[in-house]
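Report on the structure given below.
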């Protein structure tokens, strides 16, 4: 999926959020957590992140039952996001609904962690010194 189709899907996902995502968004929006700006349903490459803080390179995913079945797709997505230096924190819907304060505490800790360092430009290039 590319460009306009991805953007349309992102808009649709924002309009049709799960209860867990709605609850979490109320706390993250308008720099509501540690003054950090989060975007919801943010396109990144070929993927869409549930919640993304670009300045801290942190993604928060809230997963429903479908993710238990989509393991291979989730692994490819994670590999891409990690390559782009994002850290990803995942929660199940029921975790967000039953323990919102605890989820926000974990996210706040993630915001305090530095992003992954850039890889050496020579790493994996077959350069010998």
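All of the numbers you see were taken from the coordinates with simple rules; none came from a lab. Since the structure is predicted, the reported quantities are computational estimates derived from the model, not experimental observations. Cβ atoms come from the backbone with ideal geometry, glycine included; neighbour counts cover every protein chain shown.
Summary of values
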| quantity | calculated |
| --- | --- |
| Segment 1-104, relative contact order [Cα under 8 Å, separation at least 6], % | 25 |
| Segment 1-114 - share of DSSP beta bridges that are antiparallel (%, nearest 5) | 60 |
| Burial order of peptide ranges 73-79, 34-40 (average beta-carbon count within 10 Å, highest first) | 34-40, 73-79 |
